[in-house]
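Here's the structure, in C-alpha cells; my notes come after.
The values are calculated or read from the model by the stated rules, or taken from the named source; none is laboratory data. Computed from a prediction, not measured in an experiment: that's the story for all the values here. All Cβ positions, even for glycine, are placed from backbone atoms using ideal geometry, and neighbour counts span all protein chains on display.
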Amino acid sequence: MNSQTRPSATPICDRLRATGNWNPAWEPFAQLDPIWTEKFMAMGMHPIASGVLEPKVIEFIAIAVDASCTHMYAPGTRRHIRQALELGATKEEITAVLQAVSVLGIHSSSLGAPILLEEWAAVQREKAAAAQPVD
C-alpha cells in the first residue's frame, strides 16, 4: 500500500483543516502526538456529529465557549457567529448567547468584592491601632 491508498490516521483533524475549522494553536499537539490529538478531536466532535443538537444550537454553544472570559478566542467567536447567522440565527439570539455567557465574569467581582471589603477593614483597623497612643 502506498501513501495515496492508505487511510489517514487523523481523518478528523484532516477534515477540520480542510474546512477551515482547525485552530492553529492545536498544531503543536498534532505534531507531538497526532493520534492523541485525533482522539481529542473525535471526543469534541461527537456531539456535533451525533445530530442530537440542531446545528444552530451547536454554534450557539461554540460562541459561548469561545467568547467566555476563560477562553476569549476571537477567531473562533467570529467563525461561529458567522456560521450561526448563515444557519438562520438572529442578531438577538446571538446577543442573548453573549449576554448569558457574560455572567461567568461576574464571579470575579463576587469573589473579589468581599475580599476587598475584608482587607480594607483590616487595614483600617491596623491604621487605627497604630494611631492609638502607647502608654
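Being without any contact (Cβ under 8 Å) to a residue 40 or more places away in the chain, within 25 Å of Thr77 (Cα to Cα), surrounded by 14 or more Cβ atoms within 10 Å (Cβ to Cβ) and polar (S, T, N, Q) is a property that does not hold for Thr19. Residues considered: Pro47, Pro55. Of these, the only one that is at negative phi and either hydrophobic (A, V, I, L, M, F, W, C) or in contact (Cβ under 8 Å) with a residue 12 or more places away in the chain (or both) is Pro55. Take the conditions at pLDDT below 90, surrounded by fewer than 13 Cβ atoms within 10 Å (Cβ to Cβ), more than 20 Å from the chain's Cα centre (by Cα) and among the polar types (S, T, N, Q) and apply them to Ser50. Does it pass? In short, no.
The numbered conditions (1) farther than 22 Å from Tyr73 by Cβ; (2) modelled with pLDDT of 95 or more are all true for Trp36 except (1). For segment 18-30, filtered to residues that are in a helix (DSSP H, G or I) and under 15 Å from Ser8 (Cβ atoms), the residue that is farthest from the chain's Cα centre (by Cα) is Ala18.
Quick check: anything in segment 59-70 more than 20 Å from Ile81 (Cα to Cα) and of a type in the set (A, V, I, L, M)? No - not one qualifying residue is present in segment 59-70.
Within the group Ile81, Ile61, which residue is within 17 Å of Gly20 (Cα to Cα), surrounded by 13 or more Cβ atoms within 10 Å (Cβ to Cβ), modelled with pLDDT of 95 or more and not small (Gly, Ala, Ser)?
Numbers: Ile61 fails: within 17 Å of Gly20 (Cα to Cα).
Residue meeting the stated conditions: Ile81.
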